[in-house]
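Heads up, the thing below is written out as structure tokens.
None of the figures in this text is laboratory data; all of them are computed from the coordinates on show. These figures come from a predicted structure and were not determined experimentally. A quick note on method: Cβ atoms are made from the backbone with ideal geometry, for glycine too, and the neighbour counts reach across all protein chains shown.
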Amino acid sequence: MKVVRKLQSVEDMKAALPSGDMKSADIADIICGRDDRFLLIVGPCSAHDTKAVLEYAARLARLADDVADKIVVAARVYTAKPRSATLGYMGLVHEVDGLFKARKLHLDVSQIGLATADELLYPSLLPYFDDVVSYFSIGARSVENQEHKLVASGVDVPVGIKNPLSGCLDTLRAAVAAVKASHDFIFRDGFVRTAGNAFAHGVLRGGIAPNYKQAQFLDIPLIIDTNHGNSGKNHLAQIDVAMDVMGLRKDNMQIKGLMIESFIEGGAQDVDGGIFGKSITDPCLSWDDTRELVLRIADML
């Protein structure tokens, strides 16, 4: 391997971009059952355009205020994207000065008034984001990776752990148990000990087929991902999945919320498409459809 460019140190990054107010407490309270509001983690599949993400976040913050008595809304600000074949857009962190841009984007969205969520794709990058991100997810391609689970056990904020691409629930159960436990292991430049993450929970994202209806077989806090395997990557099907889940929740209060992929414009475009506010990875709900869906969910709560 040849070093193409060196990363700015964590210390210098945090000095240049000091952290603001973390907004993870409400999310943690929902996961632990101390707050009976519903959690919605909403936003674009990938945060490829910072201006569009901030425009979207401003709209989302206004909507969040309208439903705050029933719903806690967090913004998806996913700056690192897993790629099964390592092809396509891999996330903001890979751009020149990408770590700086990603940290700043989380801070800017937080200043708008929203907690932010991101994927813990590279555990080694956690120190760049541990004081600005209020919710981390471990993706379907990482759930069986030991380092991801070990590092997540030392994170102070809620971590949602997705089922693997196969949809296997046993793998999900084991991963959540691992993240809740304490561990001793090597991380970055030292031997570390974690206390376990009390806010670890499962995320049903579908597999070969939708699996959100299997929530009844998991006695752990759950978030349902309305896209990916649950929607067949048909972004409009997210609406039907969300409505189904609201029905299931009446019998299973372990369902704590939903993940919804949404942007300003509906659908998806090529990486070089150039349409403002339209996903360049997975297709997303439009803002108009998202707003209507969130208000429907609020009416059902």
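Across q = 0.12, 0.20 Å⁻¹, region 159-301 modelled as identical point scatterers on its alpha-carbon atoms has Debye log10 I(q)/I(0) values of -0.58, -1.13, in the order of the q list.
Roughly how big is region 232-301's charge dipole about its Cα centre, with Cβ charges of +1 (Lys, Arg) and -1 (Asp, Glu), in debye to the nearest 20?
Working: 7 positive and 12 negative charges, 68 e Å.
Using Cβ point charges on Lys, Arg, Asp and Glu, region 232-301 gives about 320 debye.
The charge dipole of the chain, taken about its Cα centre with unit charges on the Cβ atoms of Lys, Arg (+1), Asp and Glu (-1) only, comes to about 520 debye.
In a DSSP loop and with at most 13 other Cβ atoms within 10 Å, the trypsin sites (Lys or Arg not before Pro) in region 137-198 are Arg188.
The GNM of the chain, with springs linking C-alpha atoms under 10 angstrom apart, assigns the highest mean-square fluctuation among Ala140, Ala198, Ala25 to Ala25.
Expressed to the nearest 5 percent, the antiparallel share of DSSP beta bridges inside the chain is 15 percent. Distant-in-sequence amide contacts of Ala268, defined by a placed amide H-H separation under 5 Å and a gap of 5 or more residues or a different chain, comprise Cys284. Checked against a 30 Å cut-off, the cross-linked pairs Lys70/Lys180; Lys2/Lys51; Lys2/Lys81; Lys2/Lys162; Lys2/Lys104 give Cα-Cα distances beyond that limit for Lys2/Lys51; Lys2/Lys162. Region 133-216 has equivalent-ellipsoid semi-axes of 24, 12, 10 Å, by the square roots of 5 times the alpha carbon gyration tensor eigenvalues, sorted largest first. Computed from the alpha carbon atoms alone, the convex hull of region 262-301 holds 46 Å³ per residue.
Identify, among Gly160, Leu39, Ser142, the residue whose Cα sits farthest towards the positive end of the charge dipole of the chain, taking +1 on the Cβ of Lys and Arg and -1 on the Cβ of Asp and Glu, with the dipole about the Cα centre. So the residue furthest toward the plus end is Ser142. In region 1-61, the convex hull through the Cα atoms has an average projected area of 7.5 nm², a quarter of its surface area.
Rg/Rh for the chain (Cα atoms only, Rh after Kirkwood) is 0.94.
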